[in-house]
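Following: one structure in structure tokens, then a few remarks.
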């Protein structure tokens, strides 16, 4: 046994490596990024693990599925909203089933520290009819990843590992094995019908998946991660990390009956045992009221009062913490420092001093002035911070690539000028098809691609389409070379840049302006 | 034994480096620990904090409950105040008084200092001046670690080992600067506490300690300086001093 200091994310990565991982796939996204990066670090030293960022989560998932098809063990990582992008591959991989183990590590972001929603990935696991693990601490991040690998191979289904920000980005000591498992040999699946989801095959495969459900449910019922301890007549169900918040507030000799859940589907047998023993159950879970709704059912649980996020004991939205859970348990607040504090000025995140985006936005804002400051559609990345004062340059941020699609739709509706602002990596992720649509329809949109040569917000990972490759993609999509402009976003080029913006805003057809200057953070880091 | 720290500062000030040093010292000392941090969007020049807990027993929650914070350790004074409401009644604020002004509505410094010195247990250090004296303004975070060290549960060697490890990759010179920052920070913190323990009000203690040349600070001189500064005219003379004073010569500087 070795003891290592690891983030929850890193413990997942190391668990996967120790379970015989052959390839990790993913697209950067807070709070999941460090899973991939940790494996990538090991892969660079060892040379026998595939670790290259993919252009988007769907591609990452498909690549992982291919590695599973070939018989090897694979891990695919993404943030919760990334799973929306990968959903087609994900849902259908449950139908095909797997060959080598396929574990999806997906990091949810309750409280939206760095995301546009706080969707709960456990619904996706239920939707796809696959098992899901939810670690409570860094040790379980490591252990569950290894168990998930074994379970995936044993049952022939993908297995989800659901993290939340607070476990993904918290560090602790983890005990790791001295005897890592070997990688699987190459042994491609020969079962053609399983992988060819023609309706006739797909019906067979879907039935086969449903027939695995009792085994999947049994595994949750008997899971060492689902622990029921019966004491008094007040009950608690605590999922994943929230068990820590419950225990933080209780003395050793408390009289609550507690069911800790770390493996899904919801272990209904254990819930039944708890319900038979108590008068009320408080359900504590980070994310949506997933277990709470399952336990209460549409018409309530006879004889037992079920409380949680739906009944007001816990807030309906946001991240839980020990203080919210203490209140829900009906315990008094501990004394704390009583000093009168002034209301404090906030300190929101900002674009770095010298950031190229600032110069691009200044030029764009000036060119747009004669149009009475129209709304600008934008996307997801550092440049989203341009929505805040003093620039206030952009007016939307919905999903990866949405800026182009929305600008096209707005232009269809007659809106002028329709402007989209998107980063180089976001463009590679999900902007290409939107631009193709604009070209095909000869739609008057001005697409501004902020090419800073990196995925900046998540820590300067490699961009999938920057520099000449980006230019060739844009021109290859059919943008008229006369309306493909490259600007250098620096203060001394301001006047020139304003003019380029003005010319392209006036064009009644699709145009692309690439603002090209490397991220200063990337230059610093890779110096 | 259980110690709960909130580490605070502005993105880019090296909060996670502080965490690295204390985490590893805690592990080496045989403690359990958990340390939750913030990545991603909020890092870009915004308020950054990390919850760090260590104990001689297993720790449940990654987040520290309100009222259980033993120390707010901040590299920036406004950021120290942001988390001060979670302190236990006996909790400490160990903070820099060097402001990081990147917002238009940063409050007047005198207000920030008045709020900080109103807390009963503070260690306030001008980390900017101390880090500069140690050789690099960027070493403010290690000044803060040094200032906090006497209130933690590690030897200097346990902490310095990881200061060295953290900066080893950047070369001997940077390592030496950061070790010096730690030592100067520790001396500055102890000197400030010594002034208060000798009866000087916190705001005056800050005035006196801020005038000292960080390289000359000897905590055991605090009582002498406190006695001197308890005289209003002498305090004014110290405060009005242009250059830095040699701590080893407890004397009212000549006017002008």
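Listing for the model above:
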quantity	calculated
Exclusive hit being surrounded by 15 or more Cβ atoms within 10 Å (Cβ to Cβ) and within 18 Å of the chain's Cα centre (by Cα), set B:197, B:179	B:179
Top-ranked residue of the range B:247-256 - restricted to ones that are loosely packed, with under 15 Cβ neighbours inside 10 Å and within 23 Å of residue B:185 (Cα to Cα), ranked as modelled with the highest pLDDT	B:248
Residues being in contact with a strand residue (DSSP E or B) (Cβ under 8 Å, 6 or more places away or on another chain), modelled with pLDDT of 95 or more, farther than 19 Å from residue A:360 by Cα and in a loop (DSSP other than H, G, I, E, B) - total across the range A:436-489	4
Conditions (1) out of contact with any helix residue (DSSP H, G or I) (no Cβ under 8 Å at 6 or more places or on another chain); (2) crowded, with 20+ Cβ neighbours inside 10 Å; (3) at pLDDT below 95: number failed by residue A:425	(3)
Residue B:195 in contact with a strand residue (DSSP E or B) (Cβ under 6 Å, 6 or more places away or on another chain), in a helix (DSSP H, G or I) and more than 28 Å from residue B:28 (Cα to Cα)	no
Enumeration of residues in the range A:327-348 that are within 25 Å of residue B:93 (Cα to Cα) and under 29 Å from the mean Cα position of the chain (by Cα)	A:346, A:347, A:348
All helices (runs of 4 or more DSSP H) inside the range B:70-163 with 1 or more residues being more than 14 Å from chain A (Cβ to nearest Cβ)	B:127-134, B:140-148
Count of residues meeting criterion [buried (at least 19 other Cβ atoms within 10 Å of the Cβ) and assigned to a loop (DSSP other than H, G, I, E, B)] in the range A:367-390	4
Residues of the range A:51-72 satisfying the condition of being over 21 Å from the mean Cα position of the chain (by Cα) and not in a helix (DSSP H, G or I)	A:70, A:71, A:72
Residue among B:59, B:93 that is in contact with a strand residue (DSSP E or B) (Cβ under 6 Å, 6 or more places away or on another chain), more than 28 Å from residue A:459 (Cα to Cα) and surrounded by fewer than 23 Cβ atoms within 10 Å (Cβ to Cβ)	B:59
Test: residue A:42 is under 30 Å from residue B:26 (Cα atoms) and away from chain B (no Cβ under 14 Å)	yes
Output for the range B:107-132, where each listed residue is over 16 Å from the mean Cα position of the chain (by Cα) and surrounded by fewer than 17 Cβ atoms within 10 Å (Cβ to Cβ)	B:108, B:109, B:110, B:111, B:114, B:118
Residue among A:288, A:245, A:206, A:264 that is in the same structural domain as residue A:123 (by TED's automatic domain parsing) and modelled with pLDDT of 95 or more	A:206
Residue match in the range B:38-48 (condition: facing chain A (nearest Cβ under 8 Å) and either under 14 Å from residue B:1 (Cα atoms) or at pLDDT 95 or above (or both))	no
Verdict on residue B:6 being within 17 Å of residue A:4 (Cα to Cα), buried (at least 21 other Cβ atoms within 10 Å of the Cβ), at pLDDT 95 or above and more than 7 Å from chain A (Cβ to nearest Cβ)	no
Failed criterion for residue B:158 (all others in (1) free of Cβ contacts under 8 Å to residues at least 60 places away in the same chain; (2) in contact with a helix residue (DSSP H, G or I) (Cβ under 6 Å, 6 or more places away or on another chain) hold)	(1)
Search result, residues across the range A:90-111 that are out of contact with any strand residue (DSSP E or B) (no Cβ under 7 Å at 6 or more places or on another chain) and farther than 14 Å from residue A:130 by Cα	A:99, A:111
Extreme residue, nearest to residue A:118 (Cα to Cα), among residues of the range A:73-86 that are in contact with a strand residue (DSSP E or B) (Cβ under 6 Å, 6 or more places away or on another chain) and assigned to a helix (DSSP H, G or I)	A:80
Number of the exception - residue B:241 against (1) over 18 Å from the mean Cα position of the chain (by Cα); (2) assigned to a helix (DSSP H, G or I)	(2)
The listed residue being within 25 Å of residue B:121 (Cα to Cα), in contact (Cβ under 8 Å) with a residue 24 or more places away in the chain and surrounded by 15 or more Cβ atoms within 10 Å (Cβ to Cβ), out of B:149, B:239	B:149
Any chance residue A:47 is away from every other protein chain (no Cβ under 14 Å) and either closer than 30 Å to residue A:201 by Cα or under 16 Å from the mean Cα position of the chain (by Cα) (or both)	no
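Residue-by-condition table, conditions (1) crowded, with 24+ Cβ neighbours inside 10 Å; (2) in contact with a helix residue (DSSP H, G or I) (Cβ under 8 Å, 6 or more places away or on another chain):
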position	(1), (2)
A:47	no, no
A:55	no, yes
A:71	no, no
A:76	yes, yes
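Residue by residue, here is whether (1) within 14 Å of chain B (Cβ to nearest Cβ); (2) modelled with pLDDT of 95 or more; (3) farther than 24 Å from residue A:458 by Cα holds:
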| residue | (1), (2), (3) |
| --- | --- |
| A:126 | no, yes, yes |
| A:135 | yes, yes, no |
| A:138 | yes, yes, no |
| A:141 | yes, yes, no |
| A:146 | no, yes, yes |
| A:156 | no, yes, yes |
| A:160 | no, yes, no |
| A:166 | yes, yes, no |
| A:187 | no, yes, yes |
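Okay, residues lined up against (1) out of contact with any strand residue (DSSP E or B) (no Cβ under 6 Å at 6 or more places or on another chain); (2) within 30 Å of residue A:124 (Cβ to Cβ); (3) away from chain B (no Cβ under 14 Å):
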site: A:219; (1), (2), (3): yes, yes, yes
site: A:228; (1), (2), (3): no, yes, yes
site: A:234; (1), (2), (3): no, no, yes
site: A:247; (1), (2), (3): yes, yes, no
site: A:254; (1), (2), (3): yes, no, no
site: A:270; (1), (2), (3): no, yes, yes
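Results for (1) in contact with a strand residue (DSSP E or B) (Cβ under 9 Å, 6 or more places away or on another chain); (2) buried (at least 21 other Cβ atoms within 10 Å of the Cβ); (3) within 13 Å of chain B (Cβ to nearest Cβ), shown as yes or no for each residue.
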site	(1), (2), (3)
A:322	no, yes, yes
A:327	no, no, yes
A:340	no, no, yes
A:343	no, no, yes
A:361	yes, yes, no
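Residue-by-condition table, conditions (1) free of Cβ contacts under 8 Å to residues at least 40 places away in the same chain; (2) within 21 Å of residue A:8 (Cα to Cα); (3) surrounded by 21 or more Cβ atoms within 10 Å (Cβ to Cβ); (4) outside the structural domain of residue A:309 (by TED's automatic domain parsing):
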| site | (1), (2), (3), (4) |
| --- | --- |
| A:30 | no, yes, yes, yes |
| A:41 | yes, yes, no, yes |
| A:50 | yes, no, no, yes |
| A:61 | no, no, yes, yes |
| A:66 | yes, no, no, yes |
| A:81 | no, yes, yes, yes |
| A:99 | no, no, yes, yes |
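The values are calculated or read from the model by the stated rules, or taken from the named source; none is laboratory data. These figures come from a predicted structure and were not determined experimentally. Quick reminder, even Gly has a Cβ in these numbers, built from the backbone with ideal geometry, and neighbours come from all protein chains shown.
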